[in-house]
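Shown next, in structure tokens, is the structure this report addresses.
The values are calculated or read from the model by the stated rules, or taken from the named source; none is laboratory data. These figures come from a predicted structure and were not determined experimentally. As a convention, Cβ positions derive from the backbone with ideal geometry for all residues, glycine included, and neighbour counts pool all protein chains shown.
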Amino acid sequence: MDQRRDQLAHWAAAVIRQQTELNVAPQLDTVSGDASFRRYFRLNFCQGQDKRSWIAVDAPPDKEDNPRFVRIAQAWHQHDVAVPQVLARDFDQGFMLLEDFGDQLLWPALHVDDASDADIAAFYTQAIDQLLHIQQLPATDLPAYDQALLDQEMELFRDWLCQQQLGMTLSAGEHAMLDQVFVALRDRALAQPQVVVHRDFHSRNLMVTTDQHLGVIDFQDAVIGAASYDLVSLLRDCYVRWPDELIEPLAQDYWQKASEAGIVSADWPQFLQDFDWMGMQRHLKAAGIFARLNLRDGKTGYLADIPNTCRYLLDISGRYSEFAEFSEWLQQRFLPALAASPVITEVESAGAEA
């Protein structure tokens, strides 16, 4: 028996009854879990033409910072960012009741058979407009995406993916080379304009509502960081890959709007380089996190996303002379080790077949 689920169901039904006078059955349908310890469930009410639903969240207070989640959600909602409204919360139990944005993530909406390039670009343009709202929020009460955090994230690639997941023994020269890459990427990130950063702004954290608008979820790890970070999360998504012919005009659209809003001041070539280098930092981090989710948390499904994430590293590093040694290392040392990993190749193949 799942005692927390049962307690959450009765708590949520009681809250809804108090707020709306509706007698909702304390029955939860699983929506999803995510890479954290949060679990999401739906409560449904249907009486004639009156159909409503709510999202109940189980977020154990010893594992999740629920006051932070609520604080950010309320602040962003008040500034016209399309995040779910927090309808109720119980910090002691670790329960929350949220507005329901529905079941449609952006990721599958981008992959329907009849989706045209224009349809895809329209969704991304909406996402960019939401991002601009986020980046113009007051930069208060959020931690800095500072040197320590950037370094810590990139180390996940070396530690969890290279050494633990792939069993690579790195030489002193390889460590030195990675150190140089990490410093260059970190310094470029810190030199950019610093704004509010969602930190996971991508196709699995954007919802398509019934009116085809986008809603933003999973924002509780927001920080103050580089202006290009969320854009690269969106356009060079770890979970989907688009051709440069689609991505570059969208990046330029963001740059024009952000320049007009005073968010960025760099010219286009400089901004594009910022975007590329920030993407390398993020993909190093993400690849390491996917390995950690597998090894530490038993979440094997994320292994299927490692190859795509690492192909971004190879693609972008090959465009810049500063990363020539790193690009060569990726081709000759790292990618063969990745391809030789039976666990990753099996999971990737299973994902492709699905």
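Scan the range 32-59 residue by residue and report those that are among the aliphatic types (A, V, I, L, M) and at pLDDT 90 or above. Don't jump to the end; show me each part of the working.
At the first step, the residues of the range 32-59 found to be among the aliphatic types (A, V, I, L, M) are 35, 43, 55-57, 59.
Passing the criteria: LEU43, ILE55, ALA56, VAL57, ALA59.
Provide a single number: the residues in the range 224-251 that are in contact with a Pro (Cβ under 8 Å, 6 or more places away or on another chain) and crowded, with 24+ Cβ neighbours inside 10 Å. Give the derivation first.
Step one: of the range 224-251, the residues in contact with a Pro (Cβ under 8 Å, 6 or more places away or on another chain) are 224, 226-227.
In the following step, the residues that additionally are crowded, with 24+ Cβ neighbours inside 10 Å were identified as 226-227.
The total comes to 2.
Determine which member of the set LEU137, LEU131, LEU142 is touching a residue at least 24 places away in the same chain (Cβ under 8 Å), in the same structural domain as ILE247 (by TED's automatic domain parsing) and assigned to a helix (DSSP H, G or I).
Working: LEU137 fails: assigned to a helix (DSSP H, G or I); LEU142 fails: assigned to a helix (DSSP H, G or I).
On inspection, the qualifying residue turns out to be LEU131.
Residues are listed down the side, and each one gets a yes or a no for (1) within 25 Å of GLU64 (Cβ to Cβ); (2) modelled with pLDDT under 95; (3) outside the structural domain of PHE123 (by TED's automatic domain parsing):
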site: LEU156; (1), (2), (3): yes, no, no
site: CYS162; (1), (2), (3): no, no, no
site: THR169; (1), (2), (3): no, no, no
site: ASP187; (1), (2), (3): no, no, no
site: VAL197; (1), (2), (3): yes, no, no
site: PHE201; (1), (2), (3): yes, no, no
site: ARG204; (1), (2), (3): yes, yes, no
site: ILE217; (1), (2), (3): yes, yes, no
site: ASP221; (1), (2), (3): yes, yes, no
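How many of the residues making up the range 252-269 are surrounded by fewer than 23 Cβ atoms within 10 Å (Cβ to Cβ) and closer than 22 Å to ALA109 by Cβ?
Looking only at that region, the number is 1.
Could you list all residues from the range 73-99 that are of a type in the set (D, E, K, R) and over 24 Å from GLN27 (Cβ atoms)?
Step one: of the range 73-99, the residues of a type in the set (D, E, K, R) are 80, 89-90, 92, 99.
Residue satisfying the conditions is ASP80 alone.
List the pairs whose first member sits in the range 62-78 and is touching a residue at least 12 places away in the same chain (Cβ under 8 Å), whose second member is surrounded by fewer than 18 Cβ atoms within 10 Å (Cβ to Cβ) and assigned to a helix (DSSP H, G or I), and whose Cβ atoms are under 9 Å apart, counting only residues at least 6 apart or on separate chains?
Pairs that qualify, where the first residue is touching a residue at least 12 places away in the same chain (Cβ under 8 Å) and the partner is surrounded by fewer than 18 Cβ atoms within 10 Å (Cβ to Cβ) and assigned to a helix (DSSP H, G or I), are TRP76/HIS133.
So which of GLN220, GLN192, GLN164, GLN152 is without any contact (Cβ under 8 Å) to a residue 24 or more places away in the chain and not hydrophobic (A, V, I, L, M, F, W, C)? Spell out the reasoning first.
Values: GLN220 fails: without any contact (Cβ under 8 Å) to a residue 24 or more places away in the chain; GLN192 fails: without any contact (Cβ under 8 Å) to a residue 24 or more places away in the chain; GLN164 fails: without any contact (Cβ under 8 Å) to a residue 24 or more places away in the chain.
Testing whether each residue is without any contact (Cβ under 8 Å) to a residue 24 or more places away in the chain and not hydrophobic (A, V, I, L, M, F, W, C) leaves just GLN152.
Out of the range 260-309, which residues are part of a helix (DSSP H, G or I) and among the charged types (D, E, K, R)?
Our first condition is that a residue be part of a helix (DSSP H, G or I); within the range 260-309, this holds for 260, 268-295, 300-309.
Within the range 260-309, GLU260, ASP274, ASP276, ARG282, LYS285, ARG292, ASP305 qualify.
Could you give me the residue pairs with C-beta distances under 7 Å whose first residue belongs to the range 241-261 and is in contact (Cβ under 8 Å) with a residue 60 or more places away in the chain and assigned by TED's automatic domain parsing to the domain that holds ASP305, whose second residue is surrounded by 15 or more Cβ atoms within 10 Å (Cβ to Cβ) and among the small types (Gly, Ala, Ser) wherever it lies, and which are 6+ apart or on separate chains?
Pairs found: LEU246/ALA121; LEU250/ALA121; ALA258/ALA227.
When the range 246-273 is examined, which residues are found to be touching a Lys or Arg at 6+ places or on another chain (Cβ under 9 Å) and closer than 15 Å to PRO193 by Cβ? Show your work before the answer.
Quick first cut of the range 246-273, residues touching a Lys or Arg at 6+ places or on another chain (Cβ under 9 Å) only: 247, 263, 273.
Of everything in the range 246-273, those that are touching a Lys or Arg at 6+ places or on another chain (Cβ under 9 Å) and closer than 15 Å to PRO193 by Cβ turn out to be ILE263, GLN273.
One residue is enough: does the range 270-292 have a residue meeting the conditions in the same structural domain as GLN165 (by TED's automatic domain parsing), farther than 28 Å from PRO108 by Cα and exposed (fewer than 15 other Cβ atoms within 10 Å of the Cβ)?
Yes, some residue in the range 270-292 is in the same structural domain as GLN165 (by TED's automatic domain parsing), farther than 28 Å from PRO108 by Cα and exposed (fewer than 15 other Cβ atoms within 10 Å of the Cβ).
Quick check on my filter: what residues within the range 160-178 are within 21 Å of THR309 (Cβ to Cβ), assigned to a helix (DSSP H, G or I) and out of contact with any Gly (no Cβ under 7 Å at 6 or more places or on another chain)? Show your work before the answer.
Initial filter on the range 160-178 (within 21 Å of THR309 (Cβ to Cβ)): 160-168, 170, 174, 177-178.
Remaining after also requiring assigned to a helix (DSSP H, G or I): 160-165, 174, 177-178.
Listed by number, the residues that qualify are CYS162, GLN163, GLN164, GLN165, GLU174, MET177, LEU178.
Go through PRO307, PRO269 for me and flag whichever is free of Cβ contacts under 8 Å to residues at least 24 places away in the same chain and of a type outside the set (S, T, N, Q). Give the steps one after another, and end with the answer.
Working: PRO307 fails: free of Cβ contacts under 8 Å to residues at least 24 places away in the same chain.
After ruling out the rest, the residue left standing is PRO269.
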